[in-house]
Amino acid sequence: MKYPSGTSIRTFAPASVSNLNCGFDILGFALEKPGDVVDLQLNDSKEVSLKEITGDNGLLPTSVEKNTASAVVKLYLEQTGINQGVAVSVHKQMPLNSGLGSSAASSVAALLGINTLMGNQLSLSELLPLAMEGERLACGNAHADNVAPALFGGLVLIRNNQTADIVSIPIPDSLWVAIIHPDVSIPTREARKILPEMIPLRDAVVQWGNVAGLIAGFYRNDPGLISRSLHDVVVEQHRSARIPFFGEMRQAAIHEQALGFGISGSGPTVFAFCTSHAIATAVTTRISALLSQGDVSHQTFVSMINPRGAEVLEILQPEHLTH
Ligand code: HSE
């Protein structure tokens, strides 16, 4: 059922951790928190408009075509051939340029909202390529390793980004994630430019051994195999220099018995996989103390992997239609 003009919807899409060290551009998982909230309201204007952006400190583009949330809503309406006016409001509830899939969360929340209001004309899988276009707009590359987990939830393998071939990977029991966001900004677009075009074959062999080991570790629910495989010999060496106290944070995480530690997406956020809530809390506490000593402001989160992905929070129909 397509909702009538005047209806508004509020949706949430979660932050996500992508790459998981060895799986650059092909692995990602959704977090319980933080995430973005998007409000859409249908109107009779036949235009997509950007009504409000909060929580971005004025940093996000305000034109409909450049803001990822409004741009993907416009793309959705073009693709489905629906002539509908809609006002978009974006409420950022996570840091921008953080490596937590901020643009992905906004695009996915916006797409879930418009698709629901239009009576689910597209399946979730059909929304994915539209969300990937939001990523292209945000950073110049249409990768799915943030949008796919934000949309579907869970831990996701992108077997092929071009064909958006997505494989859901089982989530091991009792896997907790410690997230630490040092307050520096690293735009993904820039963090991609510093990566090499070519990698030596010997590094590729190590990397694909680790990717295969990590996937096997998830299927076997084998913390030891996950821990041995959670290494990156391709990307981290180029990106870690921009992250304050990266080496010290890793040492602290491993000291507290984390299974592994690495950069979340393009950084500066870092993550550690842990086998209990207590260990994840100990990791964030120790790293928080380290960053405070170094005068680096930061935020920390402890989360499990979010199996649900994006969610509709509320639908409000115009009063004259509900009485
Ligand atoms: N896989 C991407 C990267 C994630 O590392 O550049 C950032 O959006």
* Quick check: anything in segment 10-25 surrounded by fewer than 24 Cβ atoms within 10 Å (Cβ to Cβ), within 16 Å of the ligand (Cβ to nearest atom) and not aromatic (Phe, Trp, Tyr)? -> yes
* Quick one: which strands (runs of 3 or more DSSP E) lie wholly within segment 221-323 and hold at least 2 residues that are at pLDDT 95 or above and of a type in the set (A, V, I, L, M)? => 270-274, 298-304, 311-316
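Residue-by-condition table, conditions (1) within 13 Å of the ligand (Cβ to nearest atom); (2) assigned to a loop (DSSP other than H, G, I, E, B); (3) crowded, with 18+ Cβ neighbours inside 10 Å:
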position: Leu112; (1), (2), (3): no, no, yes
position: Asn115; (1), (2), (3): no, no, yes
position: Gly119; (1), (2), (3): no, yes, no
position: Glu126; (1), (2), (3): no, no, no
position: Leu130; (1), (2), (3): no, no, yes
position: Gly134; (1), (2), (3): yes, no, yes
position: Asn141; (1), (2), (3): yes, yes, no
* To do: Within segment 143-157, identify whether any single residue is open to solvent by less than 10 Å² (accessible area, probe 1.4 Å) and over 15 Å from the mean Cα position of the chain (by Cα), and answer yes or no.
  => no
* Structure fact -> Across (1) under 19 Å from Thr284 (Cβ atoms); (2) open to solvent by less than 80 Å² (accessible area, probe 1.4 Å); (3) modelled with pLDDT of 95 or more, Ser174 clears everything bar (3)
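Give, as residue ranges, the strands (runs of 3 or more DSSP E) completely inside segment 1-77 that count at least 2 residues that are of a type in the set (A, V, I, L, M) and within 19 Å of the chain's Cα centre (by Cα). Reasoning before the result, please.
Values: elements: 8-18, 27-43, 48-54.
Output list reads 8-18, 27-43.
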* Asked: What do you reckon, is Thr281 more than 16 Å from the ligand (Cβ to nearest atom), within 22 Å of the chain's Cα centre (by Cα) and surrounded by fewer than 18 Cβ atoms within 10 Å (Cβ to Cβ)?
  -> yes
* Asked: Given the conditions (1) surrounded by fewer than 24 Cβ atoms within 10 Å (Cβ to Cβ); (2) closer than 27 Å to Pro307 by Cα, and given that Asn43 satisfies all but one, which numbered condition is not satisfied?
  -> (2)
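The values are calculated or read from the model by the stated rules, or taken from the named source; none is laboratory data. Here the structure is a predicted model, which is why all the values come from computation and not from measurement. Ideal geometry is used to build each Cβ from the backbone, glycine not excepted, and the neighbour counts take in all protein chains shown. Quick note on the areas: whole protein, heavy atoms, side chains included, nothing else; ligands and nucleic acids left out. Shrake-Rupley method; radii C 1.70, N 1.55, O 1.52, S 1.80 Å.
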